[in-house]
Amino acid sequence: MSLLDSIREPADLRALTMPELEQLSGEIRDFIVQAVSETGGHLGSNLGAVELTLALHRVFSSPVDAVLWDTGHQAYVHKIVTGRQGGFSHLRQANGISGYPSREESKHDFIENSHASTVLSYAHGLAVARDMGANSHGHIVAIIGDGSMTGGMAYEALNNLGHSKRKVIIVLNDNGRSYAPTISNLTTGGPQNAEATGELPRLPERITGKLSETLVNIRLNPVYLRRQRKIEQFLRDLPVVGRQAEQGMEAFKAAVREFLQPPSFFEALGVRYVGPVDGHDIEALEAAFHSAIDREAEGPIVVHVLTHKGKGYPPAEDDDEKHLHDTPTFDPVNGPAQSGPSGYTATFGDAIVKEAELDSRIVAITAAMPGPTGLLKFKDHFPDRFLDVGIAEQHAVTMAAGMAMGGLRPVVALYSTFLSRAWDQVVYDVALHRLPVIFCLDRAGITGDDGPSHHGIYDMALLSKVPGMRVLAPSSTQELEVMLHDAMTLANEGPVVIRYPKGLARNTPDAPLGDGLRARQLTDGDRSVCVLAIGKLVAAAEKAAATLEADGIKVEVWDVRSCAPLDEAMLTSAAQNAHVLTFEDGLRDGGIGMTIADRITSLNSNVNVRVHGVPTKFIPQAKPDAILAQFGLDANGIATAIRHALHG
């Protein structure tokens with residue numbers, strides 16, 4: 001029997017010896033690689049968090065102590081040691097366990113958090129509730145990655161935590177990466193960077209590193225902590241000069257911190273600092289956590305932990321771009337095959353390079369995801385015109401506004417779900433000023449395996465309500481190329497959004513293409529029924545129309561293309577039919593179909609308009625096509641809806 005098979009709850013870890021914990025760490029890594037190879041999922045971040053997770057659950061008593069994980073990319077090990085090992089055969093699958101913490105799955109999961117930089121705010125709120133007697137939590141521990149520390153919300157929470165002096169232990173898991181290498185000066189520098197470049201650190205850096213390590217050991221020593229408090233009290237009590245002596249000691253300590261370590265940043269905010277600590281040394285981690293507990297009375301404290309993303313699995317360690325942050329299914333012996341962007345993402349990546357070769361004003365901006373948004377090729381071709389701001393979507397959008405004001409033509413490439421984090425900036429910093437910013441939204445619509453937090457179903461309903469915003473939805477890779485080219489001119493009048501889905505892309509090399517803000521009619525009907533389809537659902541609508549034509553039903557089909565503003569010619573033609581059906585892979589309520597219905601009935605009140613889209617609810621993980629079929633948004637569902645409309 002393996003050690004892993006004996007772990008059913010966190011308490012089972014506490015009886016293990018250090019050699020046994022080392023063995024268990026290896027077994028967990030093997031288990032994660034095998035599980036993710038069969039289902040796909042987040043790999044590199046979890047391989048790097050094994051020893052950290054074991055140490056946390058040996059020192060803290062979940063769920064009495066609240067252990068909170070930011071984003072959840074690093075929570076697989078936590079799930080394994082809290083009794084969910086058996087569920088990994090259905091990881092990220094319909095009716096299986098989530099790829100993120102889930103309150104429905106376990107009492108050990110407090111937050112269902114898969115958007116970054118939020119955990120410190122959750123921790124602050126839980127601490128307030130605890131201190132007011134509303135719950136019986138002991139310690140509150142927030143684990144946040146260095147990538148998440150590039151998000152503004154994390155800094156807001158740090159500022160308030162330090163001011164409040166609430167007892168929260170913050171574990172900064174620093175692996176130098178978010179998805180790509182972390183864009184931050186906070187947690188990188190000195191000897192660590194020198195080692196990464198293969199250069200020997202200079203003598204002063206080596207001395208500094210040694211002194212820093214020595215000071216960490218001293219500061220973790222409980223005897224030192226007790227004596228420090230006694231000295232501070234002694235100085236404070238000195239007659240006449242006590243206050244000045246205490247201030248002098250604090251100034252000396254601050255100067256040492258400023259010279260040797262990053263704690264000056266945290267401690268300036270009122271947050272104590274310990275570290276850096278080797279994140280793969282369980283004994284050192286446990287000592288650091290016990291030290292943090294001893295110092296909790298001083299207020300919030302950061303334990304800075306250095307880990308290696310992808311540790312223990314050579315294919316992940318050798319992946320320079322993302323250390324196998326996430327993967328599809330793969331052969332665990334050889335690792336995932338090398339792959340680049342595909343589908344609409346790849347088309348966008350090629351198209352923006354072509355546009356940038358013609359227009360020197362074009363700059364590309366992303367938020368910690370240059371690879372997933374297809375911008376690595378652009379980065380290689382135009383390094384001075386590429387900006388990765390880290391996990392800081394709000395900053396990305398307003399920075400783009402400033403660039404546009406200054407005469408550039410910024411293209412902001414984000415996942416649809418993440419643009420919602422910058423809603424205020426889109427409306428008031430870009431649209432209100434009618435600025436030429438182009439938003440390219442990948443993973444729009446139903447995305448599947450990552451569950452409710454990653455479906456991009458809000459963009460059309462929200463963005464189509466912004467005055468002056470143009471919202472485009474391509475139905476093929478060729479249409480995406482045309483739309484990106486047209487957007488460069490359309491942006492002269494204000495912002496433009498192009499939204500496109502994840503997965504296989506429709507390719508229609510010989511088909512006619514649309515242009516500008518015009519819709520495109522795909523098939524003629526007999527004025528009995530008209531279908532207006534958006535983006536990914538255009539292909540399904542064409543397939544449904546072909547099926548119905550074989551049964552003698554002629555359907556007029558339009559590719560809407562421009563969701564805002566709507567094409568008047570399309571609306572006029574559709575209003576001449578007895579029945580009109582709209583289909584979109586965004587929210588039905590308040591979506592584009594609702595707007596179409598309002599416009600058509602204003603032209604002809606006798607038209608029967610039926611609107612189809614995604615219901616207003618949180619949608620669990622499953623394959624995208626299965627989810628669309630569930631909501632009648634596939635070819636069979638569209639054909640069925642048309643028959644119902646015609647026959648009552």
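Observations on the structure shown:
- Residue check, residue 557 surrounded by fewer than 21 Cβ atoms within 10 Å (Cβ to Cβ), in contact with a Leu (Cβ under 9 Å, 6 or more places away or on another chain) and under 14 Å from residue 534 (Cα atoms): no
- Hey, residue 501 surrounded by fewer than 22 Cβ atoms within 10 Å (Cβ to Cβ) and modelled with pLDDT of 95 or more or not: no
- Flag if residue 580 is in a strand (DSSP E or B) and within 21 Å of residue 456 (Cα to Cα): no
- Test: residue in the range 316-334 that is among the aliphatic types (A, V, I, L, M), under 21 Å from the mean Cα position of the chain (by Cα) and either in the same structural domain as residue 92 (by TED's automatic domain parsing) or over 22 Å from residue 438 (Cβ atoms) (or both): yes
- No other residue among 569, 574 is assigned by TED's automatic domain parsing to the domain that holds residue 640, surrounded by 21 or more Cβ atoms within 10 Å (Cβ to Cβ) and among the aliphatic types (A, V, I, L, M) apart from 574.
- Residues (free of Cβ contacts under 8 Å to residues at least 24 places away in the same chain and within 25 Å of residue 326 (Cα to Cα)) located in the range 1-21: none
- Residues satisfying the stated conditions in the range 60-91, i.e. surrounded by fewer than 21 Cβ atoms within 10 Å (Cβ to Cβ) and within 20 Å of residue 168 (Cα to Cα): 60, 61, 63, 64, 65
- When restricted to residues that are hydrophobic (A, V, I, L, M, F, W, C), in a loop (DSSP other than H, G, I, E, B), crowded, with 22+ Cβ neighbours inside 10 Å and over 18 Å from the mean Cα position of the chain (by Cα), the range 424-458 contains 1.
- Qualifying residue in the range 625-638 (condition: assigned to a strand (DSSP E or B), within 17 Å of residue 536 (Cα to Cα) and in contact with a strand residue (DSSP E or B) (Cβ under 7 Å, 6 or more places away or on another chain)): no
- Residues (surrounded by fewer than 18 Cβ atoms within 10 Å (Cβ to Cβ) and of a type outside the set (S, T, N, Q)) located in the range 601-618: 603, 607, 610, 615, 617, 618
- Any hit, the range 288-297, residues being within 21 Å of residue 380 (Cα to Cα) and in contact (Cβ under 8 Å) with a residue 24 or more places away in the chain: no
- Residue in the range 54-70 that is acidic (Asp, Glu) and under 26 Å from residue 2 (Cα atoms) present: no
The values are calculated or read from the model by the stated rules, or taken from the named source; none is laboratory data. In this text the structure is predicted, and so the values were computed from the model without any measurement. Methodologically, a virtual Cβ is constructed for each residue, glycine included, from the backbone with ideal geometry; neighbour enumeration extends over all protein chains shown.
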